[in-house]
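**Q** Take a look at this one; I'll ask things after.
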Amino acid sequence: MSAISLIQISIGAILINNFVLMKFLGLCPFFGVSKRLSSAVGMGMAVVFVMTVASMITWIIQNALLVPLELAYLQTIVFILVIAALVQLVEMILQKFSPSLYEALGIFLPLITTNCAILGVALLNAGINALTARPYTFLEAIVSGIASGIGFTLALVLMAGIREKLELADVPGPLKGLPVAFVTAGLMAIAFLGFSGFDFFR
Amino acid sequence: MIGAELKRGIVTENPILILALGLCPSLAVSTSLVNGLGMGLAATFVLVASNIIISLVKGFIPEKVRIPCFIVVIATFVTIVQLVMKAYLPELNASLGIFVPLIVVNCVILGRAEAFASKNNLFRSLIDGLVMGLGFTVALCILSVFREVLGSNKLLGLKFLPGFQPMSVFILAPGGFLTIAFVMGIVNYVRQKKEAK
C-alpha cells in the first residue's frame, strides 16, 4: 500500500463516487440542512468528524471481533449500535472538553445517527472494493472515512449556496420547494458525472 | 376501514412522494422495476415485522432508550432479510448491494415505529405497517418504471418500444434526482388542482 493508493481513495470518494450525488447516501440531511450556508458548513464538519471516528471504530470491531469469531452476519446490528453509541459519546465528550465546538456542531449530532452515509461508509470499508479488491486496511479505512465526509460536505455546501440563490427565483408552482431542489441536485450530479472519466481504477 | 387505510398509505400520506422519507434507497435502487419491487417488498416485510414486535413490547421499553431498542428490533429483521435474500435471490442481492443492510436506517421504518407502533395496539400497527410499506413499494415502482423505460427502453428486462433510443442518463445517478423531481411535481400539481376545487 502506497501514498498513491491513499490519494486514489480520496479522489475516488470526494469526486468520482461522491457519496451524495453518485451513491445516494445521506440524502435526508442533504435536503434537510441545505437551506442555509452556515448550517450546511456545521453539518458537514460534524459528518466529517463522526465518519472518521466511525471508520476507525467499526474497522477495529470488524477485524478484531467479528471476523475472528465468525460473527460477520451480525455486522448490520453491531455497526448501527456502535454508531448510535458513538454519536452519543462524541456529543458528551465535546460538551465536556470543547464547549465552543459543541456549540457549533451540537444540534447536528443527533441527526447523524440515522444518516445512512455513516453506516454506508462503515459497510463499504468492510466490504470488498473495486480499488484494492479486498477490504480496506486500517489506514485506508480512515482515509476513506475522511474523504467521504469531505465529499459529503462539498456537495452540501455547493447545494446550500445554490439554494440560497434559488429562493429569489421564480419557480413554477408545483415544483416549489423540494422538487426544484431535486432538479438542482440532478444537474449537479450530471456535472459530477464528468469526473467519472478519471481512469484511476486500473 | 381497510380501504381508507390503503388510501392513506398509498395516496394521502405516501412515504416517498408526500412525506419525502426514505429517499436514499428509493433513488438508488429504482434503476429497474425488479430492483424497485424487491426493495419495496423487503422494506415492507421489515416494516410490518418491526411494527408488530414494537407494538407488543412498547410497555416494557423505558422512554429514554426507546430509539436504540427500536433500532435493534429493526436491525434484527434486516439481518433476516439479508440472509434470506443471499440464499434464495443472490442476483437481486448483488444488484441491491449495500442498500439491503441500509434498510436499517430507512427513516420510513424508524418513523413509523416512533410515530405509530409505539403508541397503538398490535392490530392497528400491523395494518399501518402494511399500508405504509405498500405506499413505499408503489412509489418505488412508479419511479422505477419511468427510469427503466426512459433509461434502457426495457420493462422487467423486456424490450419496450422498438426504435426508441434510450437516454442512459436516467439509469445513472442524475436521472434518479430528475425523475423524482418531476414525479413529485406532478403529484403536487394534482394536489393543488384538487385543493382549488
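**Q** For A:36, B:112, what ranking results if the residue with the fewest other Cβ atoms within 10 Å of its Cβ goes first?
**A** Ascending number of Cβ neighbours within 10 Å: A:36, B:112.
**Q** Right, next: Across peptide B:18-25, how many C-beta atoms of other chains are within 10 Å of each residue C-beta, on average?
**A** 5
**Q** Per residue of B:183-190, how many C-beta atoms from partner chains lie within 10 Å of its own C-beta, taken as a mean?
**A** Rounded to a whole number, the mean comes out at 5.
**Q** Out of B:186, B:74, B:18, any idea which swings most in a Gaussian network model of chain B, alpha carbons joined below 10 Å?
**A** Comparing B:186, B:74, B:18 in a Gaussian network model of chain B, the most mobile one is B:186.
**Q** Would you mind telling me which residue in A:19, A:30, A:192 has the biggest mean-square fluctuation in a Gaussian network model of chain A, where springs connect alpha carbons within a distance under 10 angstrom?
**A** Looking only at A:19, A:30, A:192, the largest GNM fluctuation is found for A:192.
**Q** At 24 angstrom or more along the helix axis (alpha-carbon based) and mean Kyte-Doolittle of 1.6 or higher, what helices does chain A contain? Whole DSSP H runs only.
**A** Helices meeting the criterion: A:37-61, A:75-97.
**Q** At a 10 Å Cβ-Cβ cut-off, how would you order A:37, B:130, A:89, fewest neighbours first?
**A** A:89, A:37, B:130
**Q** In deg cm²/dmol, rounded to 500, what helix-only [θ] at 222 nm does chain B give when every DSSP H run of at least 4 residues adds -39500 (n - 2.57) and the total is split over its residues?
**A** Mean residue ellipticity, 222 nm, calculated: -21500 deg cm²/dmol.
**Q** Also: Taking the Cβ-Cβ separation of residue B:91 and residue A:72 as r and a Förster radius of 30 Å, what is the calculated FRET efficiency to the nearest 0.05?
**A** Taking R0 as 30 Å, the efficiency between residue B:91 and residue A:72 is 0.90.
**Q** Another question about this same structure. Tally Lys/Arg at +1 and Asp/Glu at -1 over every other residue whose Cβ is under 11 Å from the Cβ of residue A:40; what's the total?
**A** Net charge in that neighbourhood comes out at +2.
**Q** Looking at chain B as a GNM with Cα springs under 10 Å, which of B:51, B:121, B:93 has the largest mean-square fluctuation?
**A** Maximum among the listed residues: B:121.
**Q** Mind counting lysine pairs for me in chain B? Cα separation below 19 Å, and the two need to be 8 or more apart along the chain or on different chains.
**A** Lysine pairs meeting both conditions in chain B amount to 4.
**Q** Once you average over the residues of B:86-99, how many Cβ atoms of partner chains fall within 10 Å of each Cβ?
**A** 1
**Q** Something else: Taking loop as defined by DSSP and a crowding limit of 12 other beta carbons within 10 Å, which chymotrypsin sites (Phe, Trp or Tyr not before Pro) in the range B:152-197 fit?
**A** Answer by residue number: B:164.
**Q** Now for a separate question. Using alpha carbons only, how many angstrom separate the centre of the range B:23-59 from the centre of the range A:111-182?
**A** Rounded to whole Å, the Cα centres lie 22 Å apart.
Since every read-out is calculated from the coordinates, none of them should be taken as a lab result. Please read these numbers as outputs of a predicted model, since none were measured by experiment. Neighbour counts run over all protein chains shown; Cβ positions are idealised from the backbone, glycine included.
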